[in-house]
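Notes to accompany the following structure.
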């Protein structure tokens, strides 16, 4: 039974398109995150939600819009995709001691 | 603001040899510290964590780390590595008052048969 699941695992799309990634956790955690991992493996936090409320927004372009319909779900919608958006996007949840439980990642390729 | 440094971007080591992956952090407040491992094409999973108590922390797969407050370090060690330990290793820090988790740039460990 997967603790943090993301879909889809792979996305390949053209510049200018819009895409969404969905994330669900069954761990009962209040806090969820989106991280971006670039081609050099560097992990950068994008957003954090605590019980459906946005608490961290790390100067991400407003083409990226997170949505949390409930505390078990955190989705990421990206408008007008650019080449530089190509990366692996990780969803994570946390019991608020800093320990993160990650999904398997969603690899986005923008052509 | 906190930051994390992992001085070695790549560490090659022979199978059954010991390894140490270095992590230093900077923070003006108390922190929690973590090591995560990422196998190829997978998400990250927790190896071990320091929240409080004993400064020597043992984790999964035979790894351990020692928290050194005076040197602001949290180095990861394993006495004998296996081929299966080949992966990317990330050190991470978060303020104890709870804030965003900051990751180091990662160290790629390659175990040579």
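The values are calculated or read from the model by the stated rules, or taken from the named source; none is laboratory data. These figures come from a predicted structure and were not determined experimentally. Cβ: placed from backbone, ideal geometry, glycine included. Neighbour counts: every protein chain shown.
In a residue-by-residue description of the range A:47-66, the property of being surrounded by fewer than 17 Cβ atoms within 10 Å (Cβ to Cβ), closer than 17 Å to residue A:103 by Cβ and touching a strand residue (DSSP E or B) at 6+ places or on another chain (Cβ under 6 Å) applies to no position. With a requirement of 3 or more residues that are touching a residue at least 24 places away in the same chain (Cβ under 8 Å), the strands (runs of 3 or more DSSP E) lying completely within the range B:23-113 that satisfy it span B:24-26, B:31-38, B:44-50, B:73-78, B:87-95, B:107-112. Based on this model, can you work out whether residue B:45 counts as within 11 Å of chain A (Cβ to nearest Cβ), surrounded by 17 or more Cβ atoms within 10 Å (Cβ to Cβ) and either at pLDDT 95 or above or closer than 27 Å to residue A:107 by Cβ (or both)? In short, no. If you check B:80, B:110 for being surrounded by fewer than 22 Cβ atoms within 10 Å (Cβ to Cβ), farther than 26 Å from residue A:106 by Cβ and touching a helix residue (DSSP H, G or I) at 6+ places or on another chain (Cβ under 8 Å), only one passes: B:80. Report yes if some residue within the range A:70-89 is assigned to a strand (DSSP E or B), under 24 Å from residue B:3 (Cβ atoms), under 12 Å from the mean Cα position of the chain (by Cα) and within 12 Å of chain B (Cβ to nearest Cβ); otherwise report no. Yes: one or more hits.
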